[in-house]
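Taking it in order: structure first as structure tokens, then the write-up.
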Amino acid sequence: MDLERILFSQGFGTRRQCRGIVADARVRVAGALCTDPDADFPLTAPLDFEVDGQPWRYREKAYLALNKPAGYECSRDPQHHLSVFHLLPPQLTTRGVQCVGRLDQDTTGLLLLSDDGAFVYAFTSPKRKVPKVYLATTRHPLDEAQLAALVEGVLLHGESKPSAALAAVRRDDHLLELSVVEGKYHQVKRMVAAAGNRVEKLHRERIGGFALPATLAAGAWCWLDEAELAALRRE
Ligand code: URA
């Protein structure tokens, strides 16, 4: 693929802008300066390049995990807070990366993002039933009746069918581990309220077989490799 198209595919701007970036001697490929936008590079092996000294690897599709802090909205066009896209390099937004489902602005933890439409659909479709594990800090102590109600199913305001958790485990008097497959608006907060308690803090710990890496600080993101994508699909 020629260098102009490589940069374009990775979100470095329009075709014209990418041509200019290369012609202005701002790009190194595998360590060597390249000023020819038409120079061809095979994509059979990993291709590492730098733009203005910033290292980048060519990726046909982007799959990433963000440790979402509180106070960020998942929308590109946020109403009251900053957008999670502020936490990512602008190239990722330019190449069309989007959130895989949404977390509330005050929810923290694992948020997946991708520009692979089929992947986004697969992990947000209610048909796929991918389990998501949340840790909810509750206002009132958890009791057995609440845990049983969450697993048996609670009727959410405005819904006709009950919502049931796959599992509801008390980790502590005020700390609930809730595993759900649905992704309705305020799903966990509404379920806990319907069971007679209230969520004070919410954190997503896991999606499918992939847990938020302990090394990923709040606000930081990482690429997902093949093994992590496979773990995600394991349920
Ligand atoms: N359930 C909620 O109530 N909020 C979230 O952000 C995610 C799940």
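Read the figures in this text as sums done on the coordinates, not as results from a lab. Computed from a prediction, not measured in an experiment: that's the story for all the values here. All Cβ positions, even for glycine, are placed from backbone atoms using ideal geometry, and neighbour counts span all protein chains on display.
Remarks
- At q = 0.16, 0.24 Å⁻¹ the log10 of I(q)/I(0) for the stretch 61-106 amounts to -0.39, -0.88, computed by Debye summation with a single uniform scatterer per C-alpha, solvent ignored.
- Cross-link pairs exceeding 19 Å in C-alpha to C-alpha distance, out of 129/184; 132/184; 61/127; 68/161; 129/161; 68/127, comprise 61/127; 68/161; 68/127.
- HN-Hα J in Hz across the stretch 150-156 - Karplus 6.51, -1.76, 1.60, θ = phi - 60°, x for Gly and Pro: 5, 7, 6, x, 10, 8, 7
- Cα-centre dipole for the chain with unit charges at Cβ (Lys and Arg positive, Asp and Glu negative), debye to 20: 560
- Footprinting exposure proxy ranking of 58, 63, 121, 134, fewest other C-beta atoms within 10 angstrom first, gives 121, 58, 63, 134.
- In this simple spin-label approximation, residue 106 and residue 30 carry label points 7 Å from Cα along the Cα→Cβ vector, and these lie 5.3 nm apart.
- The order of the peptides 137-148, 12-23 by mean Cβ neighbours within 10 Å, most packed first, is 12-23, 137-148.
- Cα-based convex hull volume of the chain per residue, rounded to whole Å³: 137
- A dipole drawn for the chain from +1 and -1 charges on Cβ atoms has a positive end, and of 88, 212, 197 the residue lying farthest that way is 197.
- Beta bridges by DSSP in the chain, antiparallel share as percent, to the nearest 5: 90
- For residue 2, the amide hydrogen comes within under 5 Å of the amide hydrogens of 41, counting only partners 5 or more places away or on other chains and with H modelled in the peptide plane.
- Each helix, a run of at least 4 DSSP H residues, gives -39500 (n - 2.57); summed and divided by the residues of the chain, these come to -6000 deg cm²/dmol at 222 nm.
- Length-normalised contact order of the stretch 1-122 in % [C-alpha pairs under 8 Å, at least 6 apart]: 23
- Cβ charges +1 (Lys, Arg) and -1 (Asp, Glu), total dipole of the stretch 132-207, debye: 340
- Rounded if a/c under 1.5, otherwise prolate or oblate - the stretch 40-172, Cα gyration tensor axes: prolate
- Computed 3J(HN,Hα) for the stretch 51-61, one whole-Hz value per residue from the Karplus formula 6.51 cos²θ - 1.76 cosθ + 1.60 where θ = phi - 60°, is 10, 6, x, 8, x, 8, 10, 5, 9, 4, 10, glycine and proline marked x.
- Cβ-derived FRET efficiency at R0 25 Å, residue 217 paired with residue 144, nearest 0.05: 0.10
- Under the Karplus curve 6.51 cos²θ - 1.76 cosθ + 1.60, θ = phi - 60°, whole-Hz ³J(HN,Hα) for the stretch 74-86, x wherever Gly or Pro sits: 7, 7, 6, 10, x, 8, 10, 9, 6, 8, 4, 5, 5
- Reducing the stretch 203-235 and the stretch 161-192 to their Cα centroids gives an inter-centroid distance of 20 Å.
- Averaging the Cα positions of each part gives two centres, and for the stretch 1-25 and the stretch 49-87 these lie 20 Å apart.
- Mean separation of Cα contacts under 8 Å (6+ apart) over length of the chain, as relative contact order %: 19
- About the centre of its Cα atoms, the stretch 9-71 shows a dipole size close to 320 debye [charges on the beta carbon of Lys, Arg (+1) and Asp, Glu (-1) only; nearest 20 debye].
- With a cut-off of 11 Å between beta carbons, the residues surrounding residue 126 carry a summed charge of +3, where Lys and Arg count +1 and Asp and Glu -1.
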